[in-house]
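Below you'll find the structure, written out as structure tokens, and then a few comments.
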Amino acid sequence: MEKKSSKVLKFLLVVVIPLLFAASLSVIIFSLMGVNLIEKGKNYAANVPVISNWVEVEKDAEESNEDLIISMESQIRTLQKQVEDAEKAVLQKDDEIKEHQSDIALLKDQLQKQEEDQAQKNESMAKISDVYTTMAHGNAAKIFESMEQSEAARIIASLDSDTQANVLAEMNPEKAAELTKLLTN
């Protein structure tokens, strides 16, 4: 009996253990190289008639990859459509911005023209004020009485307060009262 157990022990030490070590080492090396031995073994076992009943093989990797590719391509088309829509929106907004900028430029030109016109009016009003300031108060009062009330009020308002007082004193009291009323508004 000792001979049998020593032969079995010898067989284990000489044949089985080195084979297990070599197999383990091979699996580790192939795994490091990127080869999936388990999947390959399952695929080979699935082709063997009796063993194929015991081994479950996952769905063919190529089929699952094709499904994944189709799904990803669909997502890519959807995202490309969204990008195109966003680019169209950006172009539309750029056009709106350009249109608003041209409107702004036009309004700035109009404002500048109005400011120039107002400056000319102020300059001419200053000249008219100087004329009425240097004129005799009685003569100025007669001219203001014959003018339209709103125009007379505007000119009198541009005069200094001493000249205003002297001109209004020379005017007809009713006309002076009307002009004073317009000046306070």
Original post:
What is the spin-label model distance, in nm, from MET147 to ALA86 if the labels are put 7 Å beyond Cα along the C-beta direction?
Top reply: 6.6 nm
Subject >> the range 95-185: mean projected area of Cα convex hull, nm² >> reply: 7.4 nm²
Original post:
Could you sort MET147, MET125, MET33 by accessible area so the largest value comes first, with the probe set to 1.4 Å?
Top reply: MET33, MET147, MET125
Subject >> Debye-sum result for the chain in log10 I(q)/I(0), which assumes one identical scatterer on each alpha carbon, at q = 0.15, 0.18 Å⁻¹ >> reply: -1.04, -1.16
Original post:
Running Debye on the range 127-177 with equal point scatterers at the Cα sites and no solvent, what base-10 log of I(q)/I(0) appears at q = 0.16, 0.27, 0.31 Å⁻¹?
Top reply: -0.35, -1.10, -1.48
Subject >> Portion, in percent, of the accessible area of the chain that falls on carbon or sulfur, probe 1.4 Å >> reply: 59 percent
Subject >> Phi-based couplings in Hz for the range 105-118 (Karplus 6.51, -1.76, 1.60; Gly and Pro marked x) >> reply: 4, 5, 5, 4, 4, 5, 5, 4, 5, 5, 5, 5, 4, 5
Original post:
Tell me, in nm to one decimal, what length is gained between LYS93 and GLU66 on full extension, where the rule is 0.36 nm per residue of separation less the Cα-Cα distance?
Top reply: 5.7 nm
Original post:
If we restrict to alpha carbons, what Rg and Dmax does the range 93-133 come to, in Å?
Top reply: 17.6, 58
**OP:** Find the accessible area per residue for the range 17-153; the probe is 1.4 Å, ligands and nucleic acids are left out, and the unit is Å².
**Re:** 83 Å²
Original post:
Hey, how many Å between the Cα centroid of the range 81-137 and the Cα centroid of the range 1-44?
Top reply: 92 Å
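The values are calculated or read from the model by the stated rules, or taken from the named source; none is laboratory data. Keep in mind that what you see is a predicted model, and the values were worked out from it rather than measured. With ideal geometry, Cβ positions are generated from the backbone for all residues, glycine too; neighbour counts draw on all protein chains shown. When the accessible area is computed, the model is the full protein with side chains, heavy atoms only, and any ligands, DNA or RNA have been set aside. Shrake-Rupley method; radii C 1.70, N 1.55, O 1.52, S 1.80 Å.
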